[in-house]
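Colleague: Have a look at this one.
The values are calculated or read from the model by the stated rules, or taken from the named source; none is laboratory data. Owing to the predicted nature of the structure, the values given are computational and were not obtained by experimental measurement. In this analysis, Cβ positions are derived from the backbone assuming ideal geometry, glycine residues included, and neighbour counts consider all displayed protein chains. Ligands, DNA and RNA are stripped out before the accessible areas are found, and what is left, the full protein with its side chains, is counted by its heavy atoms. Shrake-Rupley method; radii C 1.70, N 1.55, O 1.52, S 1.80 Å.
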Amino acid sequence: MMTLTLESLRHDKRAAIIATALMGLALAAFPFMVGSTLGNSWLRIIDFAMLYIMLALGLNIVVGFAGLLDMGYIAFYAVGAYLYALLASPHFGLHLPIWLIIPAGAALAGLFGALLGAPTLRLRGDYLAIVTLGFGEIVRIFMNNLNSPVNITNGPQGISGIDPIQMGGITLAKPLSVLGFTVPSLHAYYYLFLALALFIVFVTIRLENSRIGRAWVAIREDEVAAKACGINTRNIKLLAFTMGASFGGVAGGLFAGFQGFVSPESFNLMESVMVLCMVVLGGMGNIPGVILGGVLLTILPEIFRHGAGPVQTAIFGKILLDPEALRMLLFGLALIVVMLYRPAGIWPSTTRRREFRGESSDVLKEGE
Amino acid sequence: MMGANLLEARNIAKHFGGVKALTDVSLSIRKGEIYGLIGPNGAGKTTFFNVLTGLYHPDGGELIFAGDKLKASAPHLAAKCGIARTFQNIRLFGNMSAMENVMVGRHVRTHAGVIGAVLHDSRTRREEAAIRRRAEELLHYVNIADRADDLARHLSYGDQRRLEIARALATDPKLLALDEPAAGMNGTETEGLRTLIEGIRSDGITVLLIEHDVKLVMGLCDRVAVLDYGEKICEDVPSVVQKDPKVIEAYLGGSLA
Amino acid sequence: MDIFIQQIINGLVLGSIYALVALGYTMVYGIMGLINFAHGEVVMIGAMVALTVIKLLAGSGLPVYIVILVALIAASAVCMAVGYAIERIAYRPLRRAPKLAPLITAIGVSIVLQNLAMLVWGRNYHAFPPILPVSEHEILGATITSVQVAIVLIAALLMAALIALIDHTRLGRAMRATSENPPIAQLMGVNINQIISLTFVIGSALAAVAGLMVSANYSIAHYYMGFMLGLKAFTAAVLGGIGNIAGAVLGGILLGLIESLGAGYIGDFTGGFLGSNYQDIFAFFVLIGVLVFRPSGLIGEKVSERA
């Protein structure tokens, strides 16, 4: 049904405009609907979902488009977050403006991406996975320990008191009043994150349908053939790492400003794994799928969190099982079940939907 | 047009461990000709191909291409110089459409980068349109325009071969190197392929053909070189090659009769 | 006390444990080309089961070696069942699926096992009951405990047995054939499903032993212990050349040595700038270094760019 409506939209310009307007209205009203029905804790979760969408789209460039399995992606998120924390908090007494920090975070994360990419480009899939995983851990361990002899990261305690995001004297930490309306802080963050997420979606779509995007996919499909077509695979792969990382850097900066606090704990391997799951479970390489994956995997554990305790009380009259463990248990089961029934992801791109390794025609097998 | 050498291989050597895959192979391909490279299985044809297209580094010798010494250090540079290739076991981008496969071939002759892609400025739009146009032309040229939107891996075997040739042509090659393009084709398909290769040559592109199908090679090529155990044992026009005793011996008097 | 010798001994003990766990990763990878992300959790389950049995039997008056033996058997049995179940439920249905799908189910299994353990054993650390007769021996100015001696010896014995099994038995031949080329092995009459199941079961049994060793050596076990251990062991397997049995052993021992020597000397190397809290970093730095210069691991086959 979904595809049918999308198809008809492509042909009818007026319907497309109306649909976009409705969609925009829905997205604009969404935080008020959530805030008034489910409360502020869910609004926070929605804000986080926006950040995860940005992360998932960034990782999708590396994993989904270029086919490079990166399991240390959260390191770039960490780089963006820590840069923000260091440049806008009492820790060093610096309070630089956001329009400087966020681009700087993107650039620095991009640089880290290139740094990781350069020595690892020759590696095959699984080796790349483990090296990137190691890289992510290295970044985290340094953040954990760079508090002595010179205190840079404040170690495991992390950095707190980070400036909230503010632009031109307007801070998002307090309710805004716009044209007589009062926009609460969480709502304002939602709009900012939504805008940036949409921007990243836009950039990703443009990239996908470009010479660069085709080169990425070509490398994923067959690296030797891509080289034979004149693609400088080294540079193009580095570009994928850099672009993906810079998205992570942006999301990281926003996270630091939103949360007001960063610590190495927020950037452990489980987080990298989570973002990878969003990409693969949603539908690798397919932008709507990846967005769906980001939203689902942010919300699902929270639903389990909110459900695990009360449902037990309702059934057994008391809490028998540790709700935290139960919620992650259910989450793990959900991952398994979804992948078993939809191995190509929930919403795969049409081109990958039927891709099953064993089924792919033998003439495309490698080896001369 | 024919006459000057487009490619000159001088004393090319390549060994893998102790196995000598190529020993002192020298040959020259003239501009505008269809040049055949034949030999029994394991004679070193594909190895020569891989050296020529930058996939392997030669252990000795040099390649002169269009007057310049070819530093065949990387495959993408070979493509840039004007050497395009197909693969013995077809290597397409299976999950991309036929159209996209050919568009990837234009990569080396186009320039749009990340900024261009994101801004989608008029120059990028023009370039993108030109890429698409050229890809459409090439799909027509190899006669698979009706399959443009199909995934490459859903194409029939013969169409996949044609698509691979279209993709190679998209790089605007001076030399098109085809590695056993007729392998696995039936008689009609082979006949179509012959017409296609002749057409490519008449458009001014030099063709290097590795082939098992000796009949096809002899009927199509202007000149033929024969490799045996990594050495060139003969290089001449087909009629002479066919009568060369060394060649006949190499093939054990088999399919050359 | 000689610090160098002491760190070598500690490294060997740690390395033996890594090697046992690494074998599980490398066997599965060799046969299926799959990173069994959940293997570290199997080690944790082994440690937890063994610990529980030991606690139950500690006051029973049975001789210590019987208690340990029963714990080992129980842990192995549970782990083998878990390993078998993991393969059947999470991997077998996805053998023809896109390559990343089984990686995600593996992660899912890992999360499930970890939280299952949290539900069963709680969030707390469990201390290893002091039933082992610990005696200390002096070697070249360093100390080695009887437990450490036992760990190294048992690990060596198990690894020798595994290599013998793979090199000299019918089952081993079938395993090698399957890892070489599954369809051909099947044509030759090898029951691939059975071989893959057995591979998981054997790997899991080794993991159970390793689990008991870790908890005995550090006198502690908890639901989260499998994660880092698994990561390190996998690193060891890659270091040696994943898919290669001897490589896993070598990689494990090397990684153990590097870690313990590194932790002992990093302060001296960096003039006190970095302390032993960076211990976990070595594994990854070494790994990246090795892979950059020898992408197929120390004794892995050289894989050409085309493969």
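Colleague: Among the helices (runs of 4 or more DSSP H) confined wholly to segment B:155-225, which include 3 or more residues that are away from chain A (no Cβ under 14 Å)?
Modeller: Qualifying helices (runs of 4 or more DSSP H): B:187-202, B:214-220.
Colleague: Please enumerate the residues belonging to segment C:63-85 that are under 19 Å from the mean Cα position of the chain (by Cα) and open to solvent by 10 Å² or more (accessible area, probe 1.4 Å).
Modeller: Within segment C:63-85, C:L72, C:I73, C:A74, C:S76, C:A77, C:V78, C:M80, C:A81, C:V82, C:Y84, C:A85 meet the criteria.
Colleague: Please go through segment A:222-234 and give me each residue that is farther than 18 Å from A:L123 by Cβ and in a helix (DSSP H, G or I), ordered by number.
Modeller: A:A225, A:A228
Colleague: Find the residue count for segment B:199-250, including only residues that are open to solvent by 50 Å² or more (accessible area, probe 1.4 Å), of a type in the set (V, I, T) and within 19 Å of the chain's Cα centre (by Cα).
Modeller: Residues that pass the stated criteria total 0.
Colleague: To continue, here is another question. With the condition kept exactly as written, say whether any residue in segment A:103-126 is within 12 Å of chain C (Cβ to nearest Cβ), open to solvent by less than 10 Å² (accessible area, probe 1.4 Å), polar (S, T, N, Q) and under 20 Å from A:V279 (Cα atoms).
Modeller: For segment A:103-126, residues within 12 Å of chain C (Cβ to nearest Cβ), open to solvent by less than 10 Å² (accessible area, probe 1.4 Å), polar (S, T, N, Q) and under 20 Å from A:V279 (Cα atoms): absent.
Colleague: Just checking: which of the helices (runs of 4 or more DSSP H) contained wholly in segment B:65-146 hold 2 or more residues that are under 19 Å from the mean Cα position of the chain (by Cα), within 8 Å of another protein chain (Cβ to nearest Cβ) and surrounded by 19 or more Cβ atoms within 10 Å (Cβ to Cβ)? Spell out the reasoning first.
Modeller: Details: elements: B:75-81, B:98-105, B:114-119, B:122-141.
Filter on segment B:65-146 gives B:75-81, B:98-105.
Colleague: Take segment C:51-100 and flag every residue that is of a type in the set (K, R) and touching a helix residue (DSSP H, G or I) at 6+ places or on another chain (Cβ under 9 Å).
Modeller: Result: C:R88, C:R92, C:R95, C:R96, C:K99.
Colleague: List every residue pair whose Cβ atoms sit under 7 Å apart, with the two residues 6 or more apart in sequence or on different chains, where the first one lies in segment A:111-136 and is basic (K, R) and the second, anywhere, is open to solvent by less than 10 Å² (accessible area, probe 1.4 Å) and modelled with pLDDT under 85.
Modeller: none
Colleague: Now for a different question. For C:V152, state whether it is surrounded by fewer than 17 Cβ atoms within 10 Å (Cβ to Cβ), of a type in the set (A, V, I, L, M) and within 30 Å of C:Y224 (Cα to Cα).
Modeller: On the way: surrounded by fewer than 17 Cβ atoms within 10 Å (Cβ to Cβ): no; of a type in the set (A, V, I, L, M): yes; within 30 Å of C:Y224 (Cα to Cα): yes.
No, not satisfied.
Colleague: Could you please let me know if B:G192 is under 24 Å from B:G44 (Cα atoms), of a type outside the set (V, I, T) and over 16 Å from the mean Cα position of the chain (by Cα)?
Modeller: When the stated conditions are applied, B:G192 does not pass them.
Colleague: Moving to a separate point now. Within segment B:33-43, work out how many residues are buried (at least 24 other Cβ atoms within 10 Å of the Cβ) and within 14 Å of chain A (Cβ to nearest Cβ).
Modeller: Final tally of qualifying residues: 0.
Colleague: Under the condition of being assigned to a helix (DSSP H, G or I) and at the interface with chain B (Cβ under 7 Å from one of its Cβ atoms), which residue from segment A:202-212 is farthest from A:G244 (Cα to Cα)?
Modeller: Once the filter is applied, the top-ranked residue is A:R211.
Colleague: Between B:M185, B:M218, which is more than 18 Å from B:T86 (Cα to Cα) and either touching a residue at least 60 places away in the same chain (Cβ under 8 Å) or in the same structural domain as B:F48 (by TED's automatic domain parsing) (or both)?
Modeller: Values: B:M185 fails: more than 18 Å from B:T86 (Cα to Cα).
Going through B:M185, B:M218 in turn, the sole match is B:M218.
Colleague: Which residues, counting only those in segment A:18-44, are more than 16 Å from A:R305 (Cβ to Cβ), in contact (Cβ under 8 Å) with a residue 24 or more places away in the chain and not aliphatic (A, V, I, L, M)?
Modeller: A:F30, A:P31, A:F32, A:G35
Colleague: Restricting to segment A:260-313, name every residue that is touching a residue at least 24 places away in the same chain (Cβ under 8 Å), under 22 Å from A:E137 (Cα atoms) and open to solvent by 50 Å² or more (accessible area, probe 1.4 Å).
Modeller: Correct list: A:F261, A:E265.
Colleague: Considering only residues that are of a type outside the set (G, A, S), over 23 Å from the mean Cα position of the chain (by Cα) and within 13 Å of A:G64 (Cα to Cα), which ones fall in segment A:217-247?
Modeller: A:E221 - this is the single residue of segment A:217-247 that is of a type outside the set (G, A, S), over 23 Å from the mean Cα position of the chain (by Cα) and within 13 Å of A:G64 (Cα to Cα).
Colleague: Taking the condition open to solvent by 10 Å² or more (accessible area, probe 1.4 Å) and either within 14 Å of another protein chain (Cβ to nearest Cβ) or not in a loop (DSSP other than H, G, I, E, B) (or both), does C:L113 pass?
Modeller: Judged against the criteria, C:L113 is a match.
Colleague: Scan segment C:118-137 and tell me whether some residue there is crowded, with 17+ Cβ neighbours inside 10 Å, in contact (Cβ under 8 Å) with a residue 24 or more places away in the chain, touching a strand residue (DSSP E or B) at 6+ places or on another chain (Cβ under 8 Å) and of a type in the set (F, W, Y).
Modeller: Within segment C:118-137, one or more residues are crowded, with 17+ Cβ neighbours inside 10 Å, in contact (Cβ under 8 Å) with a residue 24 or more places away in the chain, touching a strand residue (DSSP E or B) at 6+ places or on another chain (Cβ under 8 Å) and of a type in the set (F, W, Y).
Colleague: What number of residues within segment C:1-58 satisfy the criterion of being of a type in the set (G, A, S) and more than 30 Å from C:P133 (Cα to Cα)?
Modeller: 3
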